[in-house]
Every structure is written in structure tokens, then in C-alpha cells.
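Presented below is the structure to which this report refers.
FYI, it's all coordinate maths here, none of it is from the lab. As the structure is a computational prediction, the values presented were derived from the model and not from experiment. Cβ sites come from the backbone with ideal geometry, for glycine too, and all protein chains shown count toward neighbours.
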Amino acid sequence: MTLRCTCGSGALEITSQSYHGDSAFESYECQHCGRTGTLDHDGATGSTRLSGCLQ
Ligand SMILES: [Zn+2]
């Protein structure tokens, strides 16, 4: 899975991450436009939700 910012840049830097079992929560900041977003992966259902500038 390739993460991209809504500005079109793929220059995303992880600013924080945490893991709980099979689940993961990561925060990103775009190095191009400075917007931030989060990735929320639920290991129980296998679903991944993106918010903020991530797409
Ligand atoms: Zn961006």
C-alpha cells in the first residue's frame, strides 16, 4: 500500500506510531505541504482507515 498526500506528494514522514496486537495507528506529516494525516489499521477486521491529508 502506497500512501500519498492529497497534494500529490509521496514524501510522508511518520511522526508517531503505536501498535496494539494486530492493530496499528500511525501519524504522518507531508514534507511537501506540511499537512498531517493518520492511518488507522484494525487487525481484527483487516480494514485500514485514512484521515487528514492521506489518500
Ligand atoms: Zn502534501
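Within the chain, which strands (runs of 3 or more DSSP E) (wholly inside it) include 3 or more residues that are loosely packed, with under 14 Cβ neighbours inside 10 Å?
Details: elements: 12-20, 23-30, 36-42, 47-52.
Hits in the chain: 12-20, 47-52.
Going through (1) free of Cβ contacts under 8 Å to residues at least 40 places away in the same chain; (2) among the aliphatic types (A, V, I, L, M); (3) within 14 Å of the ligand (Cβ to nearest atom) one by one, residue 12 falls short only on (1). Residue by residue through the range 17-36, note down the ones that are closer than 13 Å to residue 6 by Cβ and among the polar types (S, T, N, Q). Passing the criteria: only 36.
When you look at residue 38, is it in contact (Cβ under 8 Å) with a residue 24 or more places away in the chain, more than 9 Å from the ligand (Cβ to nearest atom) and β-branched (Val, Ile, Thr), yes or no? Quick ask: steps written out before the conclusion?
Details: in contact (Cβ under 8 Å) with a residue 24 or more places away in the chain: no; more than 9 Å from the ligand (Cβ to nearest atom): yes; β-branched (Val, Ile, Thr): yes.
It is false that residue 38 is in contact (Cβ under 8 Å) with a residue 24 or more places away in the chain, more than 9 Å from the ligand (Cβ to nearest atom) and β-branched (Val, Ile, Thr).
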